[in-house]
Amino acid sequence: MSGRYDIGVCSLHLLLFTAVISVLLQAVEVNAIAVPSSSCYAFDNSSHIVDFSSWVGQPFEYDGKGSDLVVRFCKDVESRSQMGYVDFGRFDKFNYFVSGSGHANFVQGYYYGDLTSCERSYDKLGRTALVNVICGSCLNGQCKGGLGCICNITYESTCRVIVDLAIPCATQGPRVFKGFTVGFHPRSWEIVYNGLTQLGYEKPHHAFSFSTEQTGVVLYMTAIASLSTLVQKPIIQVFPENGLEVKVSGSGATGSYPTTLSPSMLMIDWRCDIARDIPYEVNVTIPVADYDPISFFLTKMCEKRQDVPGDSMKGWATFGILSCIFTVVASLFCCGGFVYKARVQGQRGIDALPGMTLLSACLETVSGAGQSYPGAEGINSGFVSEASWDPPPSSTSSRRTWTPTEKNYGSI
């Protein structure tokens with residue numbers, strides 16, 4: 001009775017363990033970090049991503065004495081007056097949006113503003129603006145609640161302005177392993193760039209599916225050398241589980257540390273066992289110590305079933321093995337027959353080979369029955385009396401007559 005109880009407890013524990021593992025794997029998939037929908041995002045000092053995409057274009061106005069300054073978040077900075085607008089720079093994905101220091105949590109750069117009277121600026125970028133983003137309220141207590149406001153502006157010159165902007169920052173996102181890339185080439189990053197999964201691979205996309213004929217793909221991973229030891233072995237999940245056989249190999253699969261100078265390779269070989277209209281989903285998760293895991297999806301079409309590599313060669317392999325066996329057996333048979341005929345039957349030379357009697361009979365049958373070579377006496381006599389000269393029958397005839405002797409020669 002106690003044995004049955006122990007078995008039931010063990011089964012229950014096994015089921016609970018399986019359920020926990022499934023939940024953890026699903027959590028890893030859910031926590032995959034995708035690149036935000038806009039370039040208006042930044043990493044804080046602890047490498048957590050903060051997405052400001054919902055703030056793009058939000059205006060903040062500062063009333064000055066002679067002119068007003070307007071910051072359109074992640075778009076541009078303008079000075080507005082009765083004389084018109086003066087552009088102090090624009091924001092794009094090539095400008096930086098980074099973590100700050102001191103009272104500023106983040107720093108934005110706006111470049112390529114109006115060139116009027118700023119043609120000879122040291123950076124040749126026209127008018128520029130630097131926006132210090134403060135999460136919360138201003139140091140002087142302004143902008144409590146609401147969408148925030150501009151705390152202060154400082155004109156370093158007519159070509160550059162510094163703005164302190166206080167807003168309620170978004171909550172921290174996942175901790176990103178910055179500097180990590182995954183691509184189809186050692187110096188490319190189509191799948192993962194700077195720790196963020198790129199669009200098209202953050203979830204299954206049919207447009208990015210690999211064809212049925214492509215039986216494998218090689219991925220190259222790089223990371224900052226000082227942090228490469230944090231990268232662990234990848235985890236592969238296939239959806240649905242049955243129908244696509246996936247095998248991984250390479251330095252990336254064995255846990256080799258990737259660096260920018262020495263990328264690690266993750267070779268994925270897949271084979272279609274069951275054909276289907278919808279692509280198979282292959283989720284690759286790369287755990288990183290103290291960071292959120294890197295995760296991305298690859299999709300594989302299976303329009304037809306693919307045979308196991310090497311199946312077409314099995315027939316030729318079998319034929320080769322049988323041919324070798326036949327050759328060895330025939331050689332042993334010939335050697336044994338030759339020894340038997342030479343020692344037991346007393347035959348010599350080619351006559352001692354097995355099958356020569358049958359071969360001679362076949363040759364005689366093909367060449368014609370009854371014909372043979374004459375004896376030595378017949379040959380010698382043929383040479384002696386091959387031809388003769390008879391005397392003329394009468395005196396009136398002076399012509400000599402040559403009469404050959406008829407002989408029968410055997411032939412093969």
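The values are calculated or read from the model by the stated rules, or taken from the named source; none is laboratory data. Since the structure is predicted, the reported quantities are computational estimates derived from the model, not experimental observations. Ideal geometry is used to build each Cβ from the backbone, glycine not excepted, and the neighbour counts take in all protein chains shown. With ligands, DNA and RNA removed, areas are computed over all heavy atoms of the protein, side chains included. Shrake-Rupley method; radii C 1.70, N 1.55, O 1.52, S 1.80 Å.
How many residues does the range 130-176 hold that are exposed (fewer than 13 other Cβ atoms within 10 Å of the Cβ) and either part of a strand (DSSP E or B) or touching a Gly at 6+ places or on another chain (Cβ under 6 Å) (or both)? Count: 3. Residues that are under 13 Å from VAL163 (Cβ atoms) and without any contact (Cβ under 8 Å) to a residue 60 or more places away in the chain within the range 84-94 comprise GLY89, PHE91, listed in sequence order. Of all the residues in the range 69-94, those that are of a type outside the set (S, T, N, Q), in a strand (DSSP E or B) and surrounded by 14 or more Cβ atoms within 10 Å (Cβ to Cβ) number 13. Scanning the range 181-199 for residues that are in a strand (DSSP E or B) and open to solvent by 30 Å² or more (accessible area, probe 1.4 Å) turns up at least one hit. Annotation: of all residues in the range 225-240 being of a type in the set (Val, Ile, Thr) and open to solvent by less than 30 Å² (accessible area, probe 1.4 Å), the one that is farthest from the chain's Cα centre (by Cα) is VAL231.
Every condition in (1) part of a loop (DSSP other than H, G, I, E, B); (2) touching a helix residue (DSSP H, G or I) at 6+ places or on another chain (Cβ under 6 Å) is met by THR285 except one, and the failing one is (1).
Annotation: of all residues in the range 101-129 being among the β-branched types (Val, Ile, Thr) and open to solvent by 10 Å² or more (accessible area, probe 1.4 Å), the one that is modelled with the highest pLDDT is VAL107.
For the range 241-259, filtering for residues that are open to solvent by less than 70 Å² (accessible area, probe 1.4 Å) and closer than 25 Å to VAL231 by Cα leaves 11.
For the range 95-153, give me the residue count where each residue is of a type in the set (A, V, I, L, M, F, W, C), touching a residue at least 60 places away in the same chain (Cβ under 8 Å) and closer than 21 Å to ASP63 by Cβ. Here the count works out to 5. Pairs are defined by a Cβ separation below 8 Å, a sequence spacing of at least 6 or placement on different chains, a first member in the range 296-322 that is closer than 25 Å to THR285 by Cβ, and a second member that is open to solvent by 100 Å² or more (accessible area, probe 1.4 Å) and modelled with pLDDT of 75 or more; the pairs so defined are PHE297/LYS203; THR299/HIS206. Scanning the range 206-224 for residues that are more than 18 Å from LEU266 (Cα to Cα) and open to solvent by 50 Å² or more (accessible area, probe 1.4 Å) gives HIS206, ALA207, PHE208, SER211, GLU213. Screening LEU230 with (1) at pLDDT below 95; (2) over 24 Å from MET301 (Cα atoms) gives one miss only, at (1). Give the number of residues within the range 144-176 that are farther than 16 Å from VAL70 by Cβ and not β-branched (Val, Ile, Thr). Residues flagged as farther than 16 Å from VAL70 by Cβ and not β-branched (Val, Ile, Thr) within the range 144-176 amount to 14. If the condition is being buried (at least 17 other Cβ atoms within 10 Å of the Cβ) and of a type in the set (Val, Ile, Thr), then the range 260-273 contributes only ILE268.
In the range 183-209, the residues that are under 18 Å from PRO36 (Cβ atoms) form Cβ pairs under 6 Å with partners that are modelled with pLDDT of 90 or more and of a type in the set (Ser, Thr, Tyr), at six or more places apart or across chains, as follows: TRP189/THR181; ILE191/TYR201; VAL192/THR181; TYR193/THR181.
Note on the range 38-67: among residues that are assigned to a strand (DSSP E or B) and loosely packed, with under 15 Cβ neighbours inside 10 Å, the one that is modelled with the lowest pLDDT is ASP63. For the range 308-320, the set of residues classified as modelled with pLDDT of 70 or more and over 20 Å from the mean Cα position of the chain (by Cα) consists of TRP316, ALA317, THR318, PHE319, GLY320, listed by residue number.
Restricting attention to the range 222-241, report how many residues are part of a loop (DSSP other than H, G, I, E, B), over 17 Å from PRO186 (Cα atoms) and in contact (Cβ under 8 Å) with a residue 40 or more places away in the chain. Number of matching residues: 4.
Say whether the condition of being modelled with pLDDT of 60 or more, farther than 30 Å from GLY173 by Cα and outside any strand (DSSP E or B) is met by at least one residue in the range 372-391. No, every residue in the range 372-391 fails to be modelled with pLDDT of 60 or more, farther than 30 Å from GLY173 by Cα and outside any strand (DSSP E or B). Taken residue by residue, the range 321-336 has at least one member that is open to solvent by 100 Å² or more (accessible area, probe 1.4 Å), at pLDDT 70 or above and closer than 30 Å to THR215 by Cα.
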